[in-house]
Amino acid sequence: MFIQVIQGKVSDQPRLRECMDRWTEELQPGATGYLGSTSGARADGTYIALVRFVSEEAARRNSERPEQGAWWAETERCFDGPVSFMDCPDATTWLGGGSDDAGFVQIMEGHTTDAQRLRELMIEAGDKLPGVRPEIIGGTFGSAGDGGYVEAVYFTTESEARSHEKITVPDDLRSLFEEEGPLMGEVDYFDLREPMLVSAR
């Protein structure tokens, strides 16, 4: 799986929402290999989107479509300043993956010294979570070649997520978290309280 991360400060949120809705209605049907997307803005106005494709090649084919270029030229005007892109050609899911049923999504961006080990820990921890954190529906993890990574965790609701943060976790799960923490490094958090979740149709 391939994930592209798009990020920037939004100057016109309603117009951006219209553009995203138009992409879903008009451009998504022709986006071969598109799997889904998770997007939204945090309180400071920073917008982030995680767009999932079956492969980097499929994502490139979509970007090269003339209608995609015209759509992006309009959409880019919704941002205040430059928009950054991060390509994660080595991406995976755990538990149910990206879920349209989530009422709250937390995205974490950072740099790690060992992306492969971080991925292994997240998948292993994800397998142990259902009995401890039932409000977690699933997650995705993608790494870029420079050590950059992005993880998205999908929750039923924010209130459920917050209430379960304080529970005591079993020793085997805690040991995974203790190893995972230092590998995650300094993390930039995006709490999406009104996530826009779109899966392939």
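The values are calculated or read from the model by the stated rules, or taken from the named source; none is laboratory data. No experiment lies behind these values; they were computed from the predicted model shown. In this analysis, Cβ positions are derived from the backbone assuming ideal geometry, glycine residues included, and neighbour counts consider all displayed protein chains. Accessible surface areas use protein heavy atoms only, side chains included; no ligands, DNA or RNA. Shrake-Rupley method; radii C 1.70, N 1.55, O 1.52, S 1.80 Å.
Solvent-accessible surface of the chain, averaged per residue with a 1.4 angstrom probe and all protein chains in place: 48 square angstrom. Accessible surface of the stretch 1-135, 1.4 Å probe: 49 percent of it comes from carbon and sulfur atoms. Residue separation of Glu178 and Arg201 scaled by 0.36 nm, minus their Cα-Cα distance, works out to 4.4 nm of gained length. Rounded to the nearest 20 debye, the dipole size of the chain about its Cα centre is 400 debye, using +1 on the Cβ of Lys and Arg and -1 on the Cβ of Asp and Glu. Model label sites at His164 and Glu76, defined 7 Å from Cα along the beta-carbon direction, differ in position by 4.1 nm. Normalised by the number of residues in the chain, the mean separation of alpha-carbon contacts (under 8 Å, six or more apart) gives a relative contact order of 29 percent.
Packing here is the average count of other Cβ atoms within 10 Å per residue, and on that basis the peptides 181-187, 116-122, highest first, run 116-122, 181-187. Using a Gaussian network model of the chain in which every pair of alpha carbons under 10 angstrom is joined by a spring, one finds that among Gly126, Gly97, Gly30 the greatest mean-square fluctuation is at Gly30.
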